[in-house]
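Here the structure is laid out as structure tokens; the discussion comes afterwards.
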Amino acid sequence: MASLKDVKSKIGGVKKTAQITSAMNMVAASKLRGAQQKMEDFRPYTEKFNQAMSSLSANMESGQFPLMEVRDVQTVEIVIVTSDRGLCGSFNSHIFKAAAKLISQYESEGKKVSLVCVGKKGNAFFKKTGKVRKSHTDIMGSFQMFNARSIAQDVAANFLAGEADKVHVIYGKFMSVAVQRPHMEVLLPVQPEVSESEDAVTKAGAAAGDYLYEPSPTEIMDVLLPLYMNVMTYHAMLETGASEHAARMTAMDNATRACKDMIKDLTLLYNKARQAGITAELMDIVGGAEALKG
Amino acid sequence: MAEKINLEVVTPKGPIVSEEVDIVTAPGFAGEFGVLANHAPFLSTIKIGTLRYKKDGTEEELMVSGGFCEVSNNKITFLVESAERGHEIDADRALQAKERAEKRLLQAREQQAKIDRTRAEAALQRALARLRIAQRQ
């Protein structure tokens with residue numbers, strides 16, 4: 001049985017760990033609030049943007065824009081958006097798994113895959129595969145639209161140079177504080193969402209003919225398409241950011257609870273050992289007294 | 001003025017303006033344009049510059065940077081990368097930014113670094129647009 005002192009120092013250690021994890025939980029909770037706010041602020045922008053994109057592309061041939069060109073797929077690029085920091089449970093490894101599945105799927109079809117890693121964790125995991133073309137690390141802490149823009153521009157340039165025929169993006173989608181799932185989207189060639197709601201379709205159809213454009217629709221599209229890439233990339237980063245904090249919050253909450261359980265068990269052990277010690281001492285004293293009497 | 005048009009300015013940081021206004025003037029691709037109520041459907045790209053709107057006789061000014069705008073169903077929506085109201089603009093900062101951008105442009109011209117140049121030009125335009133509004137306030 002462990003000595004009293006050992007158990008006591010172990011309890012102390014676990015208590016300190018619990019302090020750290022519960023502090024991290026609170027930090028993650030407040031960061032999550034910020035990240036979620038950022039995400040919600042961005043939502044109206046994306047919605048309006050997608051509306052405009054689909055109404056504009058409804059009456060245009062997609063073939064004429066290099067960024068929308070659908071090519072025979074030989075090479076695939078996957079943009080993997082993960083967090084910079086660990087200690088957020090299985091959040092990143094779920095994304096790795098989804099990405100690895102996609103990679104092996106394409107490779108079994110004989111296609112070449114290259115990766116762009118956003119976030120330190122993704123880079124660390126995929127570095128040894130030798131597929132990482134570019135990595136953007138240490139930006140998930142506080143990023144702005146222009147961070148997303150530089151990533152999007154790089155990916156677009158690679159696509160236009162013919163180095164990749166199709167570009168996917170994988171990120172941790174924020175479903176709720178409790179649930180985050182890896183989510184995959186096609187980034188390039190750009191396929192504007194065709195909204196299913198009847199209202200939007202008729203609106204787009206009605207709008208198709210009688211819109212005035214300045215400059216011409218094609219020139220507007222030339223401006224809009226790179227912007228669309230930025231919006232998509234920024235969106236993926238926002239979602240991953242919020243998911244990361246939510247995942248960390250849950251993980252740290254679990255850790256704190258596990259610590260508390262451990263402290264309870266250890267305290268029980270400690271008390272038992274103490275009790276056994278006292279009993280043994282009492283026995284000694286009684287034994288000694290008996291011996292003197294005799 | 002009876003009829004009004006619904007103006008919305010949306011940026012990645014959220015909606016900035018959502019109001020019923022009388023007239024909107026914006027820096028379009030081919031120059032400044034004005035939009036009144038019941039304008040025909042219209043789509044244009046937006047340059048860095050000043051967005052003005054009038055509401056019940058008072059005029060408001062916003063600094064907008066690149067994006068586009070859509071007019072349909074008596075509603076005008078601006079999707080821009082950033083928008084700032086006149087009183088939010090820090091004139092000193094804008095002045096500093098202007099000087100910085102000018103310096104960088106000069107350097108770019110000497111060394112012919114192309115990427116830096118486009119960015120510096122955009123920064124200069126933004127700074128100038130801010131200054132123009134700040135001076136009118």
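The values are calculated or read from the model by the stated rules, or taken from the named source; none is laboratory data. This is a predicted model, so every value here is computed, not measured. We place every Cβ from the backbone using ideal geometry, glycine too, and count neighbours over all the protein chains shown.
Please go through the stretch A:240-259 and give me each residue that is closer than 17 Å to A:Arg181 by Cα and either within 12 Å of another protein chain (Cβ to nearest Cβ) or of a type in the set (Lys, Arg) (or both), ordered by number.
If the condition is that a residue be closer than 17 Å to A:Arg181 by Cα and either within 12 Å of another protein chain (Cβ to nearest Cβ) or of a type in the set (Lys, Arg) (or both), then A:Arg248 is the only one that fits.
For A:Leu67, state whether it is away from chain B (no Cβ under 14 Å) and either exposed (fewer than 15 other Cβ atoms within 10 Å of the Cβ) or under 30 Å from B:Pro41 (Cα atoms) (or both).
Considered against the rule, which asks whether it is away from chain B (no Cβ under 14 Å) and either exposed (fewer than 15 other Cβ atoms within 10 Å of the Cβ) or under 30 Å from B:Pro41 (Cα atoms) (or both), A:Leu67 comes out as yes.
Confirm whether B:Ala30 is surrounded by fewer than 18 Cβ atoms within 10 Å (Cβ to Cβ) and of a type in the set (A, V, I, L, M, F, W, C).
Yes.
Give A:Asp165, A:Asp154 a once-over and let me know the one that is at pLDDT 90 or above and farther than 24 Å from B:Asp116 by Cβ.
Unique residue meeting the criteria: A:Asp165.
Evaluate the following for B:Leu43: is it of a type in the set (A, V, I, L, M, F, W, C) and touching a helix residue (DSSP H, G or I) at 6+ places or on another chain (Cβ under 9 Å)?
Spelling it out, B:Leu43 is indeed of a type in the set (A, V, I, L, M, F, W, C) and touching a helix residue (DSSP H, G or I) at 6+ places or on another chain (Cβ under 9 Å).
Name the one entry in A:Ser150, A:Ser135 that is surrounded by fewer than 23 Cβ atoms within 10 Å (Cβ to Cβ) and in a strand (DSSP E or B).
After applying the criteria, what remains is A:Ser135.
Looking at A:Glu185, A:Glu196, which one is among the charged types (D, E, K, R), modelled with pLDDT under 75 and closer than 27 Å to A:Ala242 by Cβ?
Exactly one residue qualifies, and that residue is A:Glu196.
Tell me the residue from A:Met229, A:Met237, A:Met221, A:Met262 that is within 12 Å of chain B (Cβ to nearest Cβ) and more than 18 Å from the chain's Cα centre (by Cα), please.
Checking each option against the conditions leaves just A:Met221.
Does A:Phe49 satisfy the criteria of being among the aromatic types (Phe, Trp, Tyr) and within 14 Å of another protein chain (Cβ to nearest Cβ)?
In short, yes.
I'd like the full set of residues that are closer than 20 Å to B:Ala123 by Cα, in contact with an Asp or Glu (Cβ under 9 Å, 6 or more places away or on another chain) and within 10 Å of another protein chain (Cβ to nearest Cβ), limited to the stretch B:24-57.
B:Gly28, B:Phe29, B:Thr45
Find the residue count for the stretch A:204-218, including only residues that are at pLDDT below 65 and more than 8 Å from chain B (Cβ to nearest Cβ).
5
Do we find that A:Val116 is in the same structural domain as A:Ala242 (by TED's automatic domain parsing), touching an Asp or Glu at 6+ places or on another chain (Cβ under 8 Å) and not in a helix (DSSP H, G or I) in this structure?
So A:Val116 fits the description; yes.
Which one is farthest from the chain's Cα centre (by Cα) among residues in the stretch B:2-15 that are buried (at least 19 other Cβ atoms within 10 Å of the Cβ) and more than 7 Å from every other protein chain (Cβ to nearest Cβ)?
That would be B:Ile5.
Can you confirm whether the stretch A:62-76 contains a residue that is in a strand (DSSP E or B) and touching a Phe, Trp or Tyr at 6+ places or on another chain (Cβ under 7 Å)?
yes
Hey, among A:Ser3, A:Ser62, A:Ser55, which residue is within 14 Å of chain B (Cβ to nearest Cβ) and modelled with pLDDT under 90?
Testing whether each residue is within 14 Å of chain B (Cβ to nearest Cβ) and modelled with pLDDT under 90 leaves just A:Ser55.
From the list B:Glu20, B:Glu3, exactly one residue is part of a strand (DSSP E or B) and farther than 14 Å from A:Leu212 by Cβ. Which is it?
B:Glu20
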